[in-house]
Amino acid sequence: MALNAQIELTKNKSALPEVRLSSPPGTAVLALLVAVVSYVAAMLGHAMVLSSRGVSVLWPACACLVSVMLLVPRKTWPVLIPAGLAGFTVHDLQFGFTAWTIALLILADTLEILIICLGLEYYFDGVPRLNSSRALAKYCFFAVLLGPFVSGFVVAIAVPGSYFVNWRIWFFSQALAFLTLTPAILSWATANYGSWFHGSLQSKVEAATLIASVAILGYFVLLAPWETMPSALTYAFVPFLLWAALRFGSMGVSTSMLVISALAIGGAIRGHGPFAGPEHFHNVLSLQLFLMFAAISFMVLAALAEERKRDQRALSNVSRKLIEAHEEERTRIARELHDDINQRIALIAVNLETLKRQLPASDGHTRDRIEEAKEHIVDLGNDIQALSHRLHSSKLEILGLVKASAGFCREVSQQRNVEIVFQSEGVPNEMPQEIALCLFRVLQEALQNAIKHSGARKFDVFLKCPSNEVQLHVHDSGVGFNPEQIVEAHGLGLTSMKERLTLVGGQLLIDSRPQVGTQICASVPLSSSAKNATAKDPSAQVASKT
């Protein structure tokens, strides 16, 4: 049987995958799968009943069906909803429900599914992503509150017994499922949603360690047949849920809560754990409230953590663009100084020399004044050329970081009449341009600040490449300072160095004490490929004293 049920993943406006079915047979196959999954989910929910009153802690059927519908185009809903309801109906018939009861249950399920799906589709551009407090609030309003709240009034009529008790049982079992199961399914099904399985090996190991730790702890706290189990041990999950929220976002929290929920429900069914007792009906509410409050609290924390990460990335992008614009402007000014203004100054010096030669030898005073003016013009031209090189060092692009840094130290030493000892060891000739430029700018800023504020006359600059990173050290034996006071003063030079290093994954360390001296250390990770490009000639290791 040829099943042309191809599923292609394309990105919609929100950059999330959208499932498109390529043919009617594919839609039919999906509908059949939805019916089977709905039936199995209903059976699973029935297995979580804790008392003779039919109290299920978590009812996963509607949550699974809504998850599928949110992952497929809306045009397939008229096919999937009846398929899912058919699976529910088979389950209800199997357990002997009357036709009237089944009709009311199907009506309640339909209301709940439509309220949740239509509300979430209206407010979310694609699959809901619970990575912000606003998105989480919208999702909880429709999926956790409004849908179960409205449908519960219909179910309370269908089931014999207290109307309020029936409504409460339905509401909490549905709300808990939409709070834990649906977010986990949506995050697992969308590869671009921070999936653990698309990260680095370290991330995968960390995720596996987290889930394994939660499962092991859950077994001993919630499932193991201890004679006495203090309920306070449930607080032991807090560090692991913090870990999940801060490192893996809402996906980590929802997955961890699913593990905890399964173990807690399993323990309660077997009469083990802190939620077991002689009257299961009263323990169900305690278990549901524990799971719901834990899930909500840590999902809010996860959303806030992801918001913070996005804000940090946005600020990083702004800083990167500002620094790039800064470098472009420095390059433009350097080019103007070198190609235009410096040439004009040189022309003025030539004209002054020509004018001096045209004057009679007897007019010595005027000739001396012209010579003096020409020397000032030449000095001004040299200063402008040096400024041009500081703004944009062509040596850095042509000769590399080591020679450009050595040349800069030599020029500053001559201009400021100070001693600068520059050394380099094992630094690659070739490295990413952004890293070379970053370290060169840090060297400029650190060395100029040291000369200006330290009061010292000798400075040490050391470039080295231990292991897999490039390090820059600038040391002086001057008056020193209190780094905390400098940070509080929001110095632009220090801020600029930190921002540049942050953009390339580097760090800035400052070791300084009054009257002892200062050492500034900048370190940037370097890829192994760049490190292997280190040349073996003597120019790769430079030691110059200027």
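Only the coordinates and a few stated rules stand behind these numbers; no lab work does. Because the structure is predicted, anything quoted here is derived from the model rather than measured. Cβ coordinates were reconstructed from backbone atoms using ideal geometry, including for glycine residues, and neighbour counts include every protein chain displayed.
Some points to look at:
- Contour minus Cα-Cα distance for Arg332 and Arg369 (0.36 nm per residue): 9.8 nm
- Taking the number of Cβ atoms within 10 Å of each Cβ as an exposure proxy, the fewest-first ranking of Val66, Val474 is Val474, Val66.
- Two-site label geometry, Gln343 and Ala232: point separation in nm, points 7 Å out along Cα→Cβ: 8.3
- For Glu469, nonlocal amide neighbours, meaning residues 5 or more places apart or on other chains whose placed amide H falls under 5 Å from its own, are Leu526.
- For Ile113, Ile398, order by how many other beta-carbon atoms lie within 10 Å, fewest first: Ile398, Ile113
- Spin-label pair Gln414/Leu33, simplified geometry with 7 Å Cα→Cβ offset, distance in nm: 7.3
- Two-decimal Rg to Rh for the stretch 38-156 - Kirkwood Rh, Cα set: 0.98
- Amide H partners (placed H, <5 Å) of Trp59, local residues excluded: Gln174, Ala177
- Listed from fewest to most Cβ neighbours within 10 Å, the set Val516, Val418, Val144 follows the order Val516, Val418, Val144.
- Cα-based shape type of the stretch 194-392, given that a ≥ b ≥ c are square roots of the gyration tensor eigenvalues and the cut on a/c is 1.5: prolate
- Whether the stretch 116-261 is rounded, prolate or oblate, judged on the alpha carbon gyration tensor where a/c under 1.5 counts as rounded: oblate
- The average projected area of the stretch 390-442, computed from the convex hull of its Cα atoms over all directions, is 3.7 nm².
- Across the stretch 348-422, C-alpha contacts under 8 Å between residues 6 or more apart give a mean separation that, scaled by the residue count, equals a relative contact order of 21 percent.
- A Förster distance of 30 Å, applied to the separation of the beta-carbon atoms of Ala386 and Gln312, puts the FRET efficiency at 0.20.
- Each residue of the stretch 495-501 was assigned a 3J(HN,Hα) from its phi angle through the Karplus curve 6.51 cos²θ - 1.76 cosθ + 1.60 (θ = phi - 60°); the sequence is 4, 4, 4, 5, 5, 4, 5 Hz, with glycine and proline shown as x.
- Entry note, the stretch 194-392: relative contact order of 18 percent, from Cα contacts under 8 Å with a spacing of 6+ residues.
- Largest first and in whole Å, the equivalent-ellipsoid semi-axes of the stretch 135-185 read 23, 10, 7, each the square root of five times a Cα gyration tensor eigenvalue.
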